[in-house]
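Worksheet: one structure, shown below.
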Amino acid sequence: MKNLLKWWHAFDQLLFPNAPLCGLCAQNPSLAVGVCDVCLRSLSIDWKESLVFGRPCFSLVAYQGYVRDLIHRMKFQSGYDTAGSFGFLLGLAAREEPRLQHIDFLLPVPLHDNRLSKRGFNQASILADNINRAWKKPICSHMLRVRDTKPQSELSSGERKDNLLGAFDMLPGFDFKGKTCLIVDDVITSGHTFMVLANLVEQYGGIPMGLFVARTEARKE
Ligand SMILES: [Zn+2]
């Protein structure tokens with residue numbers, strides 16, 4: 001059976017040499033949504049709106065099982081393809097969401113330079129770039145992470161807010177006034193990172209909302 005599958009795959013490649021592989025498993029041919037049928041079913045897509053510290057946020061899937069493994073791989077191994085696939089799926093979902101039709105721009109959560117040089121990429125920026133493949137929106141790159149904070153996942157919920165004090169700042173030259181801004185990240189857990197960025201956007205006159213690949217269900221405000 002294994003040989004037959006191998007042979008079939010080779011035959012398939014001969015007939016369709018340019019058929020792209022799934023961006024998540026890199027095993028099976030991709031559907032038009034950028035991932036294969038098996039991965040699509042394993043993701044259990046469940047688009048949800050929730051209020052996070054009073055602001056509307058949207059997420060594609062629950063943070064569990066296969067999704068958790070993929071997001072871990074996206075951050076700690078070569079995650080370009082994974083982030084690219086998730087970004088494209090997010091873009092397809094967001095462009096159909098009536099509550100997001102008035103969005104002015106995307107704001108990927110910035111990574112501090114130290115973390116960026118260790119990891120080599122910011123997964124939130126790759127998500128935003130690939131959301132754009134499905135749903136064209138300008139991307140704001142004027143927000144910076146000016147303090148190298150500890151990873152939120154290593155802290156208790158009480159420590160998370162303090163950890164982010166003064167973490168972000170704005171470069172001059174971007175006008176947030178009256179603009180609706182969609183803050184983009186891979187996972188929303190306690191929501192504190194989102195809240196601190198949302199506060200800053202409001203401080204500059206903008207209206208923040210959130211867009212995430214995954215949500216943890218046990219989030220407390
Ligand atoms: Zn797949």
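The values are calculated or read from the model by the stated rules, or taken from the named source; none is laboratory data. No experiment lies behind these values; they were computed from the predicted model shown. Backbone-built Cβ (ideal geometry, glycine too); neighbour counts: all protein chains shown.
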For His9: the one exception among (1) within 14 Å of the ligand (Cβ to nearest atom); (2) modelled with pLDDT of 90 or more; (3) on the phi < 0 side of the Ramachandran plot; (4) surrounded by 12 or more Cβ atoms within 10 Å (Cβ to Cβ): (2)
Pairs, first in contact (Cβ under 8 Å) with a residue 12 or more places away in the chain in the stretch 71-92, second part of a helix (DSSP H, G or I) and of a type in the set (Asp, Glu), C-beta under 7 Å, six or more apart: Gly87/Asp129
Looking only at the stretch 104-123, and only at residues there that are at pLDDT 95 or above and crowded, with 21+ Cβ neighbours inside 10 Å, the one that is nearest to Lys150 (Cα to Cα): Pro108
Identity of the residue in the stretch 15-58, more than 28 Å from Ile183 (Cα to Cα) and assigned to a helix (DSSP H, G or I), that ends up farthest from the ligand (Cβ to nearest atom): Leu15
Sole exception among (1) surrounded by 16 or more Cβ atoms within 10 Å (Cβ to Cβ); (2) in a loop (DSSP other than H, G, I, E, B) for Ser141, by number: (1)
Top-ranked residue in the stretch 167-186 [being modelled with pLDDT under 90 and not in a strand (DSSP E or B); ranked as nearest to Gln101 (Cα to Cα)]: Phe176
Matching residues in the stretch 124-138 - criterion: being out of contact with any helix residue (DSSP H, G or I) (no Cβ under 6 Å at 6 or more places or on another chain) and either surrounded by fewer than 20 Cβ atoms within 10 Å (Cβ to Cβ) or of a type outside the set (S, T, N, Q) (or both): Ala124, Ala128, Asp129, Asn132, Lys136, Lys137, Pro138
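Okay, residues lined up against (1) part of a helix (DSSP H, G or I); (2) buried (at least 19 other Cβ atoms within 10 Å of the Cβ); (3) under 12 Å from the mean Cα position of the chain (by Cα):
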| residue | (1), (2), (3) |
| --- | --- |
| Asp69 | yes, no, no |
| Arg73 | yes, no, no |
| Ala83 | yes, yes, yes |
| His102 | no, no, no |
Scan of the stretch 187-211 for residues that are touching a helix residue (DSSP H, G or I) at 6+ places or on another chain (Cβ under 8 Å) and not in a helix (DSSP H, G or I), ordered by number: Val187, Ile188, Thr189, Ser190, Ile207, Pro208, Met209, Gly210, Leu211
Sole exception among (1) over 20 Å from Leu197 (Cβ atoms); (2) free of Cβ contacts under 8 Å to residues at least 12 places away in the same chain for Ala62, by number: (2)
